[in-house]
1. Report yes if residue A:171 is in contact (Cβ under 8 Å) with a residue 60 or more places away in the chain, more than 7 Å from chain B (Cβ to nearest Cβ) and of a type in the set (Lys, Arg), otherwise no.
2. Output the residues belonging to the range A:65-88 that are in contact with a Pro (Cβ under 9 Å, 6 or more places away or on another chain) and crowded, with 20+ Cβ neighbours inside 10 Å.
3. Quick check on the range A:45-65. Is at least one of its residues within 17 Å of residue A:88 (Cβ to Cβ) and assigned to a loop (DSSP other than H, G, I, E, B)?
4. Within the group A:148, A:160, which residue is in contact with a Pro (Cβ under 9 Å, 6 or more places away or on another chain) and buried (at least 18 other Cβ atoms within 10 Å of the Cβ)?
5. Considering only the range A:8-22, state which residues are farther than 15 Å from residue A:141 by Cα and part of a helix (DSSP H, G or I).
6. Filter the range A:206-228 for residues that are over 21 Å from the mean Cα position of the chain (by Cα), facing chain B (nearest Cβ under 7 Å) and not in a loop (DSSP other than H, G, I, E, B); which is surrounded by the most Cβ atoms within 10 Å (Cβ to Cβ)?
7. Can you spot a residue in the range B:189-204 that is more than 16 Å from the chain's Cα centre (by Cα), under 24 Å from residue A:155 (Cα atoms), more than 7 Å from chain A (Cβ to nearest Cβ) and hydrophobic (A, V, I, L, M, F, W, C)?
8. What's the total number of residues in the range A:66-95 that are part of a loop (DSSP other than H, G, I, E, B) and without any contact (Cβ under 8 Å) to a residue 40 or more places away in the chain?
Number of protein chains: 2
Amino acid sequence: MSEPIPIVGGTGALGAGLALRWAAAGVPIVIGSRSPERAEEAAASLRQAVPGAEVEGLRNEEAAKRGEVVFLTVPFRAQSENLGNLRGALRPGQILVDCTVPLAAAVSGKATRSLGVWQGSAAQQAQEMVPEGVTVVAALHSVGAPTLGDPAAELDEDVLICGDRKADKARVARLIELIEGLRPVNAGALEMARIVEQLTPLLISINSRYKTHAGIRLTGLPDGDHWE
Amino acid sequence: MSEPIPIVGGTGALGAGLALRWAAAGVPIVIGSRSPERAEEAAASLRQAVPGAEVEGLRNEEAAKRGEVVFLTVPFRAQSENLGNLRGALRPGQILVDCTVPLAAAVSGKATRSLGVWQGSAAQQAQEMVPEGVTVVAALHSVGAPTLGDPAAELDEDVLICGDRKADKARVARLIELIEGLRPVNAGALEMARIVEQLTPLLISINSRYKTHAGIRLTGLPDGDHWE
């Protein structure tokens, strides 16, 4: 594990939470932001929070060049713009992990409702927009940013991964299981992101009722490593 | 608990599974079917499986009159027809628990895909079709019929309940928690059925990959009785 993980939108709540968890696990990180100054600020504060953290802060386009598996953690409102900006940066063979959720909050609606995306899901929209040879995997929608970003919070939930090739999903799964308490689960083809992205507004609805940060856990899965 | 639970479509896999579990818990059941003969056959075989079970088999329309909380467990293909037939049977104050999932399998498509329902979800379609004063609650989509129908299988999962009034959802929750291993969770308004109904094709996709019957469990919910 010497190759860093680029996080496009790494100064947002989800990106920062992932960066914190991976840095704590000893994984090198590249935080991307629209502004290189904000990226470097976030990197500096992460180095302070996790002494010895290997972390850089760069403009999104530069960050995306630094690793084979790139995480896109921007809000839906900014997804298309970011994918447009990344067109010149991504290269064939890379995996883009889309974490976007098309919450109606993107257009000043409720966070318990979602928008219809023409392609069926934000992840499928991403697959249409990335350069040829880049594959999109969808993941991490149901992991709450507040929980992820709180080093005292214990994680105990599943991450549902969608993608069209098991090998690509497995590479993402290996990165996700570096974070203690997260179990990567193979949820099927990329089109299943239509459903998995909807878990977020569902959890937001449940969270508001139970005053908590709920996660998803599947029961009945066999033991052992599904990703081998 | 002396009032029986009517199960419309109670000879199908989900209905039969529910009938078995409730009968085993000592709850009186009325199995409904299009054919009163098939309903009575199913009731007789349930009495054999669960000695002492209080169970009747009736035509759907007759069954639906026997209790305040009626479960509708027919496949999506037959949902509208059944709701039409129930129009003269249901009366104000009753709760109809819709368990329908609009799988694409209803129109010979895949069970990992779903159909768009004009009203947003099968449950909302049901709400439009029931007589005035009958309220619809959506539940039980993610509990697998094979698991439910296998008396040797231990249940350990959540049932996500959607509806517009907490009091109605609570009545349904009290019936669901009579089945050991099922925890009723308040998933929000009836419109959230748009998402909860989608858990079924998601689980079917996961089941095919893991060769199992997975269920949903939410992590991070506070202990105690949410339904009081």
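Each reported figure results from applying straightforward, stated rules to the coordinates on display, with no laboratory input. Remember, predicted model here, so these are calculated numbers, not experimental data. Backbone-built Cβ (ideal geometry, glycine too); neighbour counts: all protein chains shown.
1. Details: in contact (Cβ under 8 Å) with a residue 60 or more places away in the chain: yes; more than 7 Å from chain B (Cβ to nearest Cβ): yes; of a type in the set (Lys, Arg): yes.
Yes: the conditions hold for residue A:171.
2. Within the range A:65-88, A:70, A:71, A:76, A:79, A:86 qualify.
3. Quick first cut of the range A:45-65, residues within 17 Å of residue A:88 (Cβ to Cβ) only: A:58-65.
Narrowing the set further to residues that are assigned to a loop (DSSP other than H, G, I, E, B) leaves A:64-65.
Scanning the range A:45-65, I find at least one residue that is within 17 Å of residue A:88 (Cβ to Cβ) and assigned to a loop (DSSP other than H, G, I, E, B), so the answer is yes.
4. Going through A:148, A:160 in turn, the sole match is A:160.
5. A:19, A:20, A:21, A:22
6. It comes out as A:206.
7. Scanning the range B:189-204 turns up at least one residue that is more than 16 Å from the chain's Cα centre (by Cα), under 24 Å from residue A:155 (Cα atoms), more than 7 Å from chain A (Cβ to nearest Cβ) and hydrophobic (A, V, I, L, M, F, W, C).
8. Going residue by residue through the range A:66-95, those that are part of a loop (DSSP other than H, G, I, E, B) are A:66-68, A:73-75, A:87-94.
Next cut, without any contact (Cβ under 8 Å) to a residue 40 or more places away in the chain only: A:88-89.
Adding up the residues that qualify gives 2.
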